[in-house]
Amino acid sequence: MSTDTSYLDNYSPFNDADLMDELPEIKKTQPSAAPAKHDDEITQEMLDQMEQRLNIMEEDLKNQEQRTGPLGGFLHEPEPNWPKFYPLVHFDINEVDASYRSYVNETFFSWVCMLVTYFLNFIASLTLLSAGDAVNSPGTKISLSALYFFFICPIALDLDALSVYRALKTAPSTLAFTKIFICLALTLIFEFVLAVGAQSSGSVGLITTIDLFASKCVGTGIFGIIVTICFAVTIFFTTKLLIRLWKFFRGTEQGGHMDQDLKLTVAQFVVDTLKNNDNQA
């Protein structure tokens, strides 16, 4: 028995239009992206800290642009503009944030007090030439007092006053403020020694003034009282400045991590020193 299968050769199940309509349309869909994971640990405080760091970086970039120019270039120091009669250093109070300018003004005021005191001490040491034997070796005091006025005062201007000015132009730095604190502390110790006025101190301080009155050199002794009072005033303002700067820096983000930063700095210094010694060996 034979079966006729010729009609199967041209048969297609999709020739029937009704059947095509009944077939469901298959839509191609793209795989959906995995939902973004949100970090529940991110808080507003962390966002504020990130914003503060970005502001600090932006301020550093602005300061760098001021030093290099808007198109970049080699780093160069700003042209000296102070003092006006003979510019030696660059100083512009407008470069410091308005909220920090009081620290800069107080620093320069303290330095001016130091300058006036050292000048009066130099003049008072010259008057010792008329005091006879009341003071041993007045020439030594004159030489040392001249050294203090003509050399120590300019050095203090750079290490104390201008250091505070430069540090406050940019974001607070642990290393910069540590140097400032050390320099101001050394200045205080030195001024205290001069205020005491020992024979070998190079100042007409308290002890020298007492010796002058004991030798009945009243005129020179009065000058010594003025110098001693000026030293006391200078010590007071320098101490006040040091305390204010300490409180200010410790209140900043960098100051809050001062201990850790100093430890890291010392550790890095030790590591670099050991590496240099190994390389030389």
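The values are calculated or read from the model by the stated rules, or taken from the named source; none is laboratory data. Treat the numbers as computed from the prediction; the structure is a model and nothing was measured. Virtual Cβ from ideal backbone geometry, glycine too; neighbours counted across all protein chains shown.
Summary table below
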| read-out | value |
| --- | --- |
| Breaking point among (1) outside any helix (DSSP H, G or I); (2) within 25 Å of Ile123 (Cβ to Cβ); (3) touching a residue at least 12 places away in the same chain (Cβ under 8 Å), for Thr208 | (1) |
| Matching residues in region 246-281 - criterion: being modelled with pLDDT of 75 or more and either hydroxyl-bearing (Ser, Thr, Tyr) or outside any helix (DSSP H, G or I) (or both) | Gly251, Thr252, Thr273 |
| Criterion: in a helix (DSSP H, G or I) and either of a type in the set (Lys, Arg) or touching a Leu at 6+ places or on another chain (Cβ under 7 Å) (or both) - qualifying residue of Lys84, Lys141 | Lys141 |
| Condition check for Leu159: in a helix (DSSP H, G or I), farther than 28 Å from Asn94 by Cα and either touching a Lys or Arg at 6+ places or on another chain (Cβ under 6 Å) or free of Cβ contacts under 8 Å to residues at least 60 places away in the same chain (or both) | no |
| Verdict on Ser125 being buried (at least 18 other Cβ atoms within 10 Å of the Cβ), among the polar types (S, T, N, Q) and modelled with pLDDT under 95 | yes |
| Flag for Ile189 being at pLDDT 95 or above, assigned to a helix (DSSP H, G or I) and not aromatic (Phe, Trp, Tyr) | yes |
| Search result, residues across region 99-115 that are polar (S, T, N, Q) and either touching a Cys at 6+ places or on another chain (Cβ under 6 Å) or touching a residue at least 12 places away in the same chain (Cβ under 8 Å) (or both) | Asn105, Thr107, Ser110 |
